[in-house]
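A short write-up of the structure that comes next.
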């Protein structure tokens, strides 16, 4: 009988442990939450209006028979729940990090999938600024991808942050969008029952698979979900 070959941990699982270590060393707590999410936490809390295009079935998977429930389109809902609970418990300031699978009904290509992993974080407290956010994200990417990694912060727009910033990293000589970030909009803090006059905060949601692609030079995001054990060579 042929000797059985020992299995190895999936690259995304390996990377998640590394990412959690970077953030917990900075004082973040790990948050978890449901993949089948309420529209309230997936959209309303985040200042996404009822007529926002992100709610269309073209982007969001709506579950038949589950009223006002969707497959989460981001893990921002997870950190939102955690920040809300921390405030209820009187544990402010607070900082949370989550890594989990998200779902979006979009065309697939080398850098896009209908299901993928997102790393999402939030920090809320007094006198939190954009400089704090840039410091946290720069430290994270340098720890994960090396001191030489090139990172750019570019202005953008999201309904849940103001100002809003997109983060890009150099990949094969081209800038690859990693995800969005910014200072939490006052409406988001109010929805979480937090006084925006007393507390400020930032949040970010980045493509975790893309970090793995950068780290190991993996050319196609779809390789993560095809069950090919040769992926572990990376």
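The values are calculated or read from the model by the stated rules, or taken from the named source; none is laboratory data. Bear in mind that the values here come from a model prediction, so they are computed numbers and not experimental data. Note that we place each Cβ from the backbone using ideal geometry, even for glycine, and neighbour counts take in every protein chain shown.
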Within region 118-234, strands (runs of 3 or more DSSP E) holding 3 or more residues that are buried (at least 21 other Cβ atoms within 10 Å of the Cβ): 161-171, 174-184, 200-207
Failed item, numbered, when residue 215 is tested on (1) within 22 Å of residue 145 (Cα to Cα); (2) touching a strand residue (DSSP E or B) at 6+ places or on another chain (Cβ under 7 Å); (3) in contact (Cβ under 8 Å) with a residue 24 or more places away in the chain: (2)
Subset tally (residues that are over 18 Å from residue 185 (Cα atoms), part of a loop (DSSP other than H, G, I, E, B) and in contact (Cβ under 8 Å) with a residue 12 or more places away in the chain) for region 32-53: 4
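Output the residue which, of all residues in region 71-95 that are in contact (Cβ under 8 Å) with a residue 60 or more places away in the chain and in a helix (DSSP H, G or I), is farthest from residue 179 (Cα to Cα). Talk me through it step by step, then tell me what you get.
Residues of region 71-95 that are in contact (Cβ under 8 Å) with a residue 60 or more places away in the chain, as a first pass: 74-76, 79-80, 83-84, 87-88, 92-95.
Still in the list and also in a helix (DSSP H, G or I): 76, 79-80, 83-84, 87-88.
Values: 76: 12, 79: 16, 80: 17, 83: 20, 84: 23, 87: 26, 88: 29 Å.
Of everything passing the filter in region 71-95, 88 is farthest from residue 179 (Cα to Cα).
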Any hit, region 47-62, residues being more than 22 Å from residue 182 (Cα to Cα), surrounded by fewer than 18 Cβ atoms within 10 Å (Cβ to Cβ) and touching a strand residue (DSSP E or B) at 6+ places or on another chain (Cβ under 7 Å): yes
In region 54-70, the residues that are modelled with pLDDT of 75 or more and part of a loop (DSSP other than H, G, I, E, B): 59, 60, 61, 63, 64, 65, 66, 67, 68
Unmet requirement for residue 80, which otherwise passes all of (1) out of contact with any strand residue (DSSP E or B) (no Cβ under 6 Å at 6 or more places or on another chain); (2) closer than 18 Å to residue 158 by Cβ; (3) surrounded by fewer than 23 Cβ atoms within 10 Å (Cβ to Cβ): (3)
For residue 168: the one exception among (1) in contact with a strand residue (DSSP E or B) (Cβ under 6 Å, 6 or more places away or on another chain); (2) under 27 Å from residue 190 (Cβ atoms); (3) free of Cβ contacts under 8 Å to residues at least 40 places away in the same chain: (2)
Residue in region 96-114 that is out of contact with any strand residue (DSSP E or B) (no Cβ under 6 Å at 6 or more places or on another chain), surrounded by fewer than 22 Cβ atoms within 10 Å (Cβ to Cβ), within 12 Å of residue 206 (Cα to Cα) and in contact (Cβ under 8 Å) with a residue 40 or more places away in the chain present: yes
